[in-house]
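Asker: What follows is a single structure, and I will ask about it in a moment.
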Amino acid sequence: MTLYFHIRDGQVPSGDPVPLPQNWEHVSSLDALEPKDLAKLGWKPAVDQPPDFDPEWEICRRTGWTVKSDKVAAEYVIEPIPLDQIKAAAKARVANRRWQAEIDGIEVMGVRVDTGRESQAMLAGANLLATMYPDMTIDWKTNGGWVQLSAAQILGLSSAVGLHVQACFTRERMISELIDAADNPAAVRRAEAW
C-alpha cells in the first residue's frame, strides 16, 4: 500500500506517512486521482528506499524526508557501528560457537560421549564415585547402548570430557582477547575465526 504525505508550503509534516484518505476537503475518491492531480492537491507518495549498507559493520538510519517534484523521499545516513558494539557482538558469536563445540560430543575409547551440560554433571558424579570406590564398576548409558565402565575408565572418560570442555573455553578466551586487542572492524573479523 502506498503511503502519502500532505505537503503544505513545501514542508513535510511531522510524523509518518499515512494512507490516502477517501475524502479530503472538497474532493472525494482521492484514490481515483492520477498522481499529478494528487500532487496539485499537495498529496505526494512517500518513497522509503534505504541505501545499501553492511549491517554487520554499519547502521543505516532515516534522518528525515525531502520533498521532491513527484514524491517525498526518505533521507538516510550510514554510520559505522561503534567498535565496542562490534566487539561485543563478535564475542557473543564466539561464545555461541564455543558452546556448540563444547556440547557437540567427543569420541573416547571408541565410544561417542555426550558432552552436554547434563552429561558433564553426571560424569562429575560418576567421577566422585570412582574416586571413592576404585573397585566399582559403573553402568553407563551411551547413544549406542549400555556399557560397563571400571573406575579407571570413568576417571579417564571424565578427564577426557573435562579436557575437551577446558579446551573449548581456552579457545574462546584466546579469541576474546584477540577481539579485545583489535583496533578496527577488520581486525575483529580476523580475530573472530573459531
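The values are calculated or read from the model by the stated rules, or taken from the named source; none is laboratory data. Keep in mind that this is a model prediction, so the values were computed, not measured. We place every Cβ from the backbone using ideal geometry, glycine too, and count neighbours over all the protein chains shown. Surface areas here come from the heavy atoms of the whole protein model, side chains and all, with no ligands, DNA or RNA. Shrake-Rupley method; radii C 1.70, N 1.55, O 1.52, S 1.80 Å.
Asker: Filter the range 12-31 down to the residues that are assigned to a strand (DSSP E or B), within 40 Å of the chain's Cα centre (by Cα) and modelled with pLDDT under 90 and list them by number.
Answerer: Scanning the range 12-31 gives no hits.
Asker: Taking into account only those residues within the range 97-135 that are out of contact with any strand residue (DSSP E or B) (no Cβ under 9 Å at 6 or more places or on another chain), among the acidic types (D, E) and open to solvent by 90 Å² or more (accessible area, probe 1.4 Å), which is farthest from V147 (Cα to Cα)?
Answerer: D104
Asker: To continue, here is another question. As an exercise: evaluate K87 against (1) open to solvent by 50 Å² or more (accessible area, probe 1.4 Å); (2) in contact with a helix residue (DSSP H, G or I) (Cβ under 8 Å, 6 or more places away or on another chain) and give the number of the one condition it does not meet.
Answerer: It is condition (1) that K87 fails.
Asker: Among the listed residues L129, L178, identify the single one that is without any contact (Cβ under 8 Å) to a residue 60 or more places away in the chain, over 30 Å from L83 (Cβ atoms) and hydrophobic (A, V, I, L, M, F, W, C).
Answerer: Working: L178 fails: over 30 Å from L83 (Cβ atoms).
Testing whether each residue is without any contact (Cβ under 8 Å) to a residue 60 or more places away in the chain, over 30 Å from L83 (Cβ atoms) and hydrophobic (A, V, I, L, M, F, W, C) leaves just L129.
Asker: Let me ask something additional. Quick check on the range 145-194: of everything there that is among the aromatic types (F, W, Y) and not in a helix (DSSP H, G or I), which residue is farthest from the chain's Cα centre (by Cα)?
Answerer: W146
Asker: A follow-up question, please. Residues of the range 137-170 being surrounded by 15 or more Cβ atoms within 10 Å (Cβ to Cβ), at pLDDT 95 or above and either among the β-branched types (V, I, T) or more than 17 Å from T115 (Cα to Cα) (or both), which ones?
Answerer: A151, V161, V165
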